[in-house]
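Step one of this worksheet: look at the structure below.
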Amino acid sequence: MASKASILKGTRDFGPDEVQRREYIIDTIREVYLKYGYRPIETPAMEKLETLTGKYGDEGDQLLFKVLNNGDFLAKANAQHIEQRDSKAITSQIAKRGMRYDLTVPFARYVAMHQNDIAFPYKRYQIQNVWRGDRPQKGRYQEFVQCDADVVGSDSLMSEAEYVLIYDEVFSKLGLQVEIHLNNRKVLEGIAEHFGYRDRFVDLSVAIDKWDKIGRDKVQMELIGKGFDPHRIDEVLDLFEQSDWDKVRTLHGSELLQQGIAELDEVLSYIDSAALKQELVLDLRLARGLSYYTGCIFEVKAKEVEIGSISGGGRYDDLTSTFGLKGTSGVGISFGLARIYDVLTELDRFPSSALKSLDGLFLCMDEESLRWAFGLVTGLRQNGLRIDIYPEISKFKKLMKYADQRGVENVLIVGETERSSGTVVLRNMRSGEQESVKVAELQDRLFQKA
């Protein structure tokens, strides 16, 4: 019995129109990356599990897709661990590989491995798939493409300023209105220190990162459940809810807090003279749950559609040290292609040029015309036109239906009359108008219409 055709939850097929629209977004991002001096690399879809674990926090580790060892993966598993259902211990015994969760950790591994071959500061962009075991929902998939740019080997906050400008340019080119949210992990950690929670910073930041999704009350419940004092944490959450930067600047007892504020001020000073088209927001509640961020952090939100963040990133001062390269600071951002696509679709903002349709489709009435037209097709393609030909002889109604399904605007009809006179009937599928065009003039006519 044949199995029912289906795909995994959290994954998607993409037809020609969808792929071309996605390529339009990717090309827009790539063009801006190249403009700012970034060069491309690619890394494997799978990494050693030890490369990935411990880089994304406990919650991130739970979302990693593990790949079972080849062959009898239970052969070397500890029988006692199996009997005790100790999944953490068993995992390390039966899975040595994992699908990459993001592009930043593999990039840090790449830099450490190739440190003697690259010049610092090193600017790269990377556009590839990543996999996360999130619960599938609107705008959230288990397989998706990230469009990353990172700089490593420099502490300069000019990079953060450049990323604000990159965000501004990319989303303006895409015709979207967004808010570029900016914060600094040192500010968050300094606030935690001020309130006596420096040693609980990870718990606090992970909870704050969920604020927009679950609201203050549930954030508070989660923190109380982790042992935070109900009255003390209420005061902390008041500060985050009001997002009172003037008050934050007056908090005492934390050099880290003042350092974070100074870094934000420096980034703003770089872009002070830039005429931004998008809105820049200093967002005290922006936390970014990934544990490797240490400085400025970014998140971009669409103004016109409720879908969560459509881009994010930040500075990480010590990520490469886990791979043996110490003292190398980095900062990067990532565009979420799937969510940007969904926003553009919902707002109907894709330009018609995003769909690269055929310049012409030949439809032939007899076998001799088919062979004659094939010669024309070959010549037109060699001269840069996108041309296709229906490879069989069929009823005219069927041929026209096919052209309509392909979404072709210009149909080129060839029969015995056209072949003998060296002409082609050029029919516009939208208007229904048609005319006879000499073969010698066909290329110029199609280029005019392209």
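Based on every Cα atom in the chain, Rg and the maximum pairwise Cα distance Dmax equal 28.0, 92 Å. Between Ile224 and Glu59, the FRET efficiency estimated from the beta carbon spacing at R0 = 25 angstrom works out to 0.85. Inter-label distance, Glu304 to Glu367: 5.5 nm, where each label sits 7 Å from its Cα along the C-beta direction.
Positive-end ranking of Leu165, Gly133, His194 along the dipole of the range 69-206, with charges on Cβ about the Cα centre, is headed by Gly133.
The angle separating the long axis of helix 211-225 from the principal Cα axis of greatest extent in the chain is about 30 degrees. Zone of Glu23 (label point 7 Å along Cα→Cβ, backbone N under 12 Å): which residues in the range 325-354? Label zone hits: 354. Separation of the range 1-44 from the range 81-113 is 25 Å, based on Cα centroids. Comparing Asn383, Leu284, Ile333 along the charge dipole axis of the chain, the residue lying farthest to the positive side is Asn383, per the Cβ-charge model. Summed over the residues of the chain and divided among them, the accessible surface reaches 51 Å² per residue at a probe radius of 1.4 Å.
Within the accessible area of the range 291-447, the carbon and sulfur atoms contribute 47%, probe 1.4 Å, all protein chains present. When only alpha carbons are used to place a centre, the range 266-315 and the range 375-450 end up 50 Å from one another. Computed from backbone phi, the HN-Hα couplings of the range 194-205 come to 4, 8, x, 10, 4, 7, 10, 4, 4, 4, 5, 5 Hz, rounded to whole numbers (Karplus: 6.51 cos²θ - 1.76 cosθ + 1.60, θ = phi - 60°; Gly and Pro given as x).
The length gained on full extension between Asp244 and Asp212, counted as 0.36 nm times the residue separation minus their Cα-Cα distance, comes to 9.8 nm. Working note: Karplus 6.51/-1.76/1.60 with θ = phi - 60° gives the range 412-427 the couplings 10, 9, 10, x, 4, 4, 5, 4, 6, 9, x, 10, 9, 7, 9, 10 Hz, where Gly and Pro are set to x. The length gained by stretching the chain between Ala275 and Gln382 to full extension, at 0.36 nm per residue less their Cα-Cα distance, is 34.1 nm.
Within the range 15-67, list the GluC sites (Glu not before Pro) lying in a DSSP loop whose Cβ has at most 16 other Cβ atoms in a 10 Å radius.
On the way: sites: Glu18, Glu23, Glu31, Glu42, Glu47, Glu50, Glu59; in loops: Glu42.
Hits after loop and neighbour filter: Glu42.
Here the peptides 430-436, 404-410, 186-192 are ranked by packing, the mean other Cβ count within 10 Å, and the order with the highest first is 186-192, 404-410, 430-436. Go through Ala2, Met429, Gln220 and say which Cα lies farthest out towards the positive end of the charge dipole of the chain; charges sit on Cβ, +1 for Lys and Arg, -1 for Asp and Glu. Checking the options against the dipole of the chain, the answer is Ala2.
Magnitude of the Cβ-charge dipole of the chain, K/R +1 and D/E -1, about the Cα centre, nearest 20 debye?
On the way: 61 positive and 71 negative charges, 313 e Å.
Once rounded to the nearest 20, the dipole reads 1500 debye.
Given the options Gly327, Gly379, Gly98, which has the most mean-square fluctuation in a GNM of the chain, springs set between C-alpha atoms less than 10 angstrom apart? Looking only at Gly327, Gly379, Gly98, the biggest GNM fluctuation is shown by Gly379. Summarising the amide proton neighbourhood of Ala95: residues at separation of 5 or more, or on other chains, whose placed amide H is nearer than 5 Å comprise Asn69. Close amide H pairs (under 5 Å, H built 1.01 Å from N) link Gln177 with Lys303, Glu304, residues at least 5 positions away or on another chain.
Viscosity 0.890 mPa s, temperature 25 °C: give me the Stokes-Einstein translational D for the range 242-300 in µm²/s, with Rh taken as the Kirkwood radius over C-alpha pairs. Each step should come with its number before you reach the end.
Values: Rh = 13.2 Å.
Once the numbers are plugged in, D ends up at 186 µm²/s.
Helix 16-35 and the long axis of the chain differ in direction by around 60°, with both axes built from C-alpha atoms. Using the Cβ-Cβ distance between Ser87 and Glu235 with R0 = 25 Å, the FRET efficiency computed as 1/(1 + (r/R0)^6) comes to roughly 0.05.
Across the range 350-357, rounded Karplus estimates of 3J(HN,Hα) from the backbone phi angles (6.51 cos²θ - 1.76 cosθ + 1.60, θ = phi - 60°) give 5, x, 4, 5, 5, 9, 7, 7 Hz, Gly and Pro being marked x.
Relative to the Cα centre, the charge distribution of the range 370-450, modelled as +1 at Lys and Arg Cβ and -1 at Asp and Glu Cβ, gives a dipole magnitude of about 260 debye. Against the longest principal axis of the chain, how steep is helix 158-173, in degrees 0 to 90 to the nearest 10, with axes from Cα atoms? Helix 158-173 sits roughly 40 degrees off the main axis of the chain.
The values are calculated or read from the model by the stated rules, or taken from the named source; none is laboratory data. These numbers were taken from a predicted model, which means no experiment stands behind them. Note that each Cβ is placed from the backbone with ideal geometry, even for glycine, and that neighbours are counted across all protein chains shown. All accessible areas refer to the heavy atoms of the entire protein, side chains included, with ligands and DNA or RNA removed. Shrake-Rupley method; radii C 1.70, N 1.55, O 1.52, S 1.80 Å.
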